[in-house]
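The structure appears below as structure tokens.
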Amino acid sequence: MPKAKKTKRKAPVTLSVTAVPPEGGSKPTTTRTVIRRFHVLIKRKTQLQKLLSEARTTEADQDATKKELQAVEDDIVDLGGLETYQRMSNIGQGNDRGGGSEKIFVGWLNELSEPQRLREAKRQFKLLEVGALRHDNYTPYTTWIDNTPIDLHSRHPDILEQDFLRLNEEENRGRWDLISLSLVVNFVPDAKDRGRMLRLSHDMLRADGYLFLALPLPCVLNSRYMTTEHLQGLMNVLGFTQIRSRWREGGKMAYWLYKKANIPLRPNTSLYEKKVVLRTGNRNNFCVLL
Ligand SMILES: C[S@@+](CC[C@H](N)C(=O)[O-])C[C@H]1O[C@@H](n2cnc3c(N)ncnc32)[C@H](O)[C@@H]1O
């Protein structure tokens, strides 16, 4: 008799993680679980909102979508919302877990002798730090870096509550010497919005300005739709030249430093406009689309 085929049920997206610990003293596994869960929920929320706005489905489907959206939103609230996510990320940013990525950014600028050049020119770099959990990440460098930290949810009066994707493009065009996107692009739930974030960064940097990008390593080493070469190609068509990169096999994070090229380099973006499977197997779905 043929064996009955076992179907493995996926865990529902609305599965809750409860008992979020207070700031400090929480285990890396707990913070990682909350952060991952939060990413799953906001991604699903964006997908459901998109489905509803397209309104191509039947009324019954729309009702089901609305119900699921409500359940997802309830789960985000149960998890503690963006505030809890930020608290968990802040713990993850602590020195005991590898330290803040700004040290890598500043280290690279030092290697490139930028502070000396600025001293001679008697000026500072204007930095836009997107997704700032702390207001003081760059205070040790105020002699040469004038930082404007922004975040969707401000945790300090010195952090401007602002969505980067909604910044005034005219006012910000060519305005910044430095932009930092550290663990922010992977937070954005929609692949096209991730691409827009990178494109906007290019527009908002002055010629020769630097973009610092940090992503969890699996986004590039274990994704169906992203490899380090693919990212490099995408950044090149946007008009960025890679200056530095850093990660190690088995590590958690990957970092890049890009420079805005002097000439516009946007010949053909078509390779990066649709999802292309670059690897098969048990992978994640991280993707950036232009
Ligand atoms: C994982 S935390 C990263 C914090 C810090 N930059 C780091 O490297 O550890 C991501 C932060 O990015 C913020 N964020 C995400 N999308 C954003 C956007 N469009 N504009 C401003 N901040 C954003 C979130 O609110 C969150 O505080």
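Structure above, values below:
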read-out: Considering residues of segment 123-136 that are part of a loop (DSSP other than H, G, I, E, B) and either open to solvent by 10 Å² or more (accessible area, probe 1.4 Å) or under 17 Å from ARG175 (Cβ atoms) (or both) only, the residue farthest from the ligand (Cβ to nearest atom); value: ARG123
read-out: Selected residue (criterion: surrounded by the fewest Cβ atoms within 10 Å (Cβ to Cβ)) from residues of segment 31-59 that are farther than 17 Å from CYS287 by Cβ and in contact (Cβ under 8 Å) with a residue 40 or more places away in the chain; value: ARG32
read-out: Odd one out for GLY195, checked against (1) at pLDDT 95 or above; (2) more than 15 Å from the ligand (Cβ to nearest atom); (3) of a type outside the set (A, V, I, L, M); value: (2)
read-out: Matching residues in segment 137-186 - criterion: being touching a residue at least 24 places away in the same chain (Cβ under 8 Å), within 12 Å of the ligand (Cβ to nearest atom) and within 24 Å of GLN116 (Cβ to Cβ); value: ASN137, TYR138, ILE179, SER180
read-out: Flag for ASP203 being away from the ligand (no atom under 11 Å from the Cβ), outside any helix (DSSP H, G or I) and either farther than 21 Å from ARG37 by Cα or β-branched (Val, Ile, Thr) (or both); value: no
read-out: Segment 100-122: number of residues that are modelled with pLDDT of 95 or more and not in a helix (DSSP H, G or I); value: 2
read-out: Among (1) in contact (Cβ under 8 Å) with a residue 40 or more places away in the chain; (2) in contact with a helix residue (DSSP H, G or I) (Cβ under 7 Å, 6 or more places away or on another chain) - the single one ASN285 does not satisfy; value: (2)
read-out: Candidate set: segment 252-270, residues that are at pLDDT 90 or above and closer than 30 Å to ARG36 by Cβ; chosen: the one most open to solvent (accessible area, probe 1.4 Å); value: MET253
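The values are calculated or read from the model by the stated rules, or taken from the named source; none is laboratory data. Computed from a predicted model, the values in this text were never measured in an experiment. Neighbour counts are summed over all protein chains in view; Cβ atoms, including those assigned to glycine, are modelled from backbone coordinates with ideal geometry. What goes into the accessible areas is simple: the full protein's heavy atoms, side chains included, and nothing from ligands, DNA or RNA. Shrake-Rupley method; radii C 1.70, N 1.55, O 1.52, S 1.80 Å.
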